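First up is the structure itself, then whatever we jot down about it.
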Amino acid sequence: MKSSTGVITVMALCMLLPLGPAGASMVTLQVFGNANMDDTIDDLDIEYVQGIIAGENEVTDLADANRDGQVDASDITQLNSIINKEATNLTLMDSGGNIVTISLPVERIILYHHQCGEVIQILGAQDKVVGVRDTFKDQVRRFPEISTKPSIGSGYDPDIEAVLSLDPDLILAYSSYQFPDPELLDSKLPDDVAVLRMDCECNSGVDVVKESVVTLGYLLDKAENVEEYLEWHDKYIDEIAERISQVPEDERLRFFLESSGTETLSRTAIGNGHAAHQICVLAGGDNIAAGNVPLQSNSEVEYGSVETEWVLEQNPEVIVCRAMGEGIRPYELDDTSILAAHADEIRELPGFAAVDAAANDRIYIITNDYAISPNYPTTVALLAKWFYPDLFEDVDPVAIHQEYMDLMGISFNVSEHGAFFYPSLS
């Protein structure tokens with residue numbers, strides 16, 4: 001196993017950073033050395049550090065390339081080694097705010113994180129995966145190569161011996177839900193095994209997934225793949241945002257967002273801070289549950305029970321259900337009956353026949369693995385088409401999803417296979 005001779009710090013990716021100096025990109029590469037706070041490390045960063053030393057530029061969060069507590073000529077030396085691909089490490093702060101040391105090059109990756117698995121496919125880095133959480137093995141269509149990698153067991157009870165037997169350089173885990181628990185994974189690993197907790201789920205805003213892709217792409221030297229994803233992402237998100245801007249704020253469609261369940265007297269509502277909320281808002285909706293749901297424990301995510309009677313009183317125009325759980329792996333299914341059952345269960349709740357969403361047949365089901373991933377522009381397009389059918393009549397979410405599959409290099413026809421949402425668009 002490689003030793004860690006330097007430090008790599010990745011800044012909190014879930015935070016939307018302001019524009020940096022010199023007209024930096026809204027997407028910031030969260031690697032120390034990125035002094036001008038744009039999306040890469042290059043000669044412009046050397047120029048910016050020289051400006052700091054000369055007293056002409058302000059010190060930025062990422063300017064201290066070698067992490068010695070000051071910005072000076074030694075940072076220019078570190079920058080040159082990074083730019084010339086001679087650096088033996090990088091320093092990052094991950095989405096959970098953890099400073100992480102990563103030795104270069106990264107050749108052996110273990111995945112606990114499904115959405116990061118999709119990023120790895122976008123980057124064409126499947127060959128670097130040496131082990132996966134046990135839930136990958138049942139997702140052959142979604143992860144055709146990755147699913148064949150050795151299992152390191154459940155994320156709820158990490159098998160440290162299995163992890164170490166694969167001699168990993170990097171472990172990709174969840175940030176939003178701290179999964180696996182750092183006490184059960186991170187604290188039991190030697191210092192030279194890096195755990196990077198990434199938010200690839202759009203929980204904290206539109207740029208969080210882009211920043212995760214940019215950072216992992218830089219770490220794995222996959223700039224071309226990153227550019228292809230960003231072009232695809234921005235093409236659709238920007239177009240949808242432009243059209244939604246035509247809808248006055250006070251005329252935005254009012255929706256209720258819930259997670260799949262079978263309770264009659266209460267519903268599991270989703271509010272601020274959750275990826276499903278973010279994509280519905282990007283599609284031009286106004287979430288009636290936002291601000292009315294308790295925070296999930298140890299998080300800033302609104303997720304919990306609200307009384308069914310309250311939903312009736314609010315009378316939402318649309319109900320969106322995020323379906324997940326046992327048996328709901330949308331890439332592995334071709335039958336949408338399980339999703340239709342969720343819609344029927346909501347429709348048949350006492351009193352719901354009079355709710356506008358049910359009366360006007362506007363109960364929509366989206367699946368977690370389809371919607372809450374780097375594929376989310378596809379789902380935003382789908383929701384926008386459901387919310388404002390006239391405004392998005394010409395938009396084809398299925399075609400957008402197919403482009404995403406092509407980006408991942410997966411031969412899978414989404415118009416013929418999969419159970420991603422309900423009802424169908426045809």
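Summary of values
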item	result
All positions within region 259-280 that are outside any loop (DSSP other than H, G, I, E, B) and surrounded by fewer than 20 Cβ atoms within 10 Å (Cβ to Cβ)	SER259, SER266, THR268
Some residue of region 221-244 being under 23 Å from the mean Cα position of the chain (by Cα) and assigned to a strand (DSSP E or B)	no
Failed item, numbered, when ASP157 is tested on (1) charged (D, E, K, R); (2) over 23 Å from the mean Cα position of the chain (by Cα); (3) at pLDDT 95 or above	(3)
Total residues in region 290-323, condition within 25 Å of the chain's Cα centre (by Cα), in a loop (DSSP other than H, G, I, E, B) and crowded, with 17+ Cβ neighbours inside 10 Å	4
Where a residue in region 270-295 is in the same structural domain as ALA371 (by TED's automatic domain parsing) and of a type in the set (A, V, I, L, M) and its partner, wherever it lies, is in a loop (DSSP other than H, G, I, E, B) and at pLDDT below 95, with Cβ under 6 Å and at least six apart	ALA275/GLU201; ALA275/CYS202; ALA275/ASN203; ALA275/ILE372; ALA289/GLY271; ALA290/GLY271; ALA290/ASN272; VAL293/GLY271
Strands (runs of 3 or more DSSP E) contained in region 55-153 and holding at least 1 residues assigned by TED's automatic domain parsing to the domain that holds THR367, of a type outside the set (Asp, Glu) and crowded, with 17+ Cβ neighbours inside 10 Å	none
Filter result for the condition that a residue is buried (at least 22 other Cβ atoms within 10 Å of the Cβ), at pLDDT below 90 and not hydroxyl-bearing (Ser, Thr, Tyr), over ASP199, ASP192	ASP199
Residue selected from region 107-127 under the condition within 14 Å of the chain's Cα centre (by Cα) and β-branched (Val, Ile, Thr), by the criterion farthest from PRO158 (Cα to Cα)	ILE122
Hey, ILE366 in contact with a Lys or Arg (Cβ under 7 Å, 6 or more places away or on another chain), buried (at least 18 other Cβ atoms within 10 Å of the Cβ) and not in a helix (DSSP H, G or I) or not	yes
Matching residues, region 369-397, being assigned to a helix (DSSP H, G or I) and either more than 28 Å from GLN246 (Cβ to Cβ) or among the aromatic types (Phe, Trp, Tyr) (or both)	ASP369, TYR370, TYR376, TRP386, PHE387
Some residue of region 335-352 being more than 18 Å from SER147 (Cβ to Cβ), of a type in the set (S, T, N, Q) and assigned to a helix (DSSP H, G or I)	yes
Pairs where the first residue, in region 392-403, is closer than 17 Å to TYR422 by Cα and the second is of a type outside the set (Val, Ile, Thr) and in a loop (DSSP other than H, G, I, E, B), C-beta under 6 Å, 6+ apart	VAL398/SER415
Subset of region 123-176 (residues that are out of contact with any His (no Cβ under 6 Å at 6 or more places or on another chain) and hydroxyl-bearing (Ser, Thr, Tyr))	THR135, SER147, THR148, SER151, SER154, TYR156, SER165, SER175, SER176
Candidates ALA381, ALA357, filtered to the one that is more than 22 Å from the chain's Cα centre (by Cα), of a type outside the set (S, T, N, Q) and modelled with pLDDT of 95 or more	ALA357
Top-ranked residue of region 161-189 - restricted to ones that are exposed (fewer than 15 other Cβ atoms within 10 Å of the Cβ) and either of a type outside the set (D, E, K, R) or outside any helix (DSSP H, G or I) (or both), ranked as farthest from the chain's Cα centre (by Cα)	SER165
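The values are calculated or read from the model by the stated rules, or taken from the named source; none is laboratory data. Note that this is a predicted model, so its numbers are computed, not measured. Using ideal geometry, Cβ is built from the backbone for each residue, glycine included, and neighbour counts are taken over all protein chains shown.
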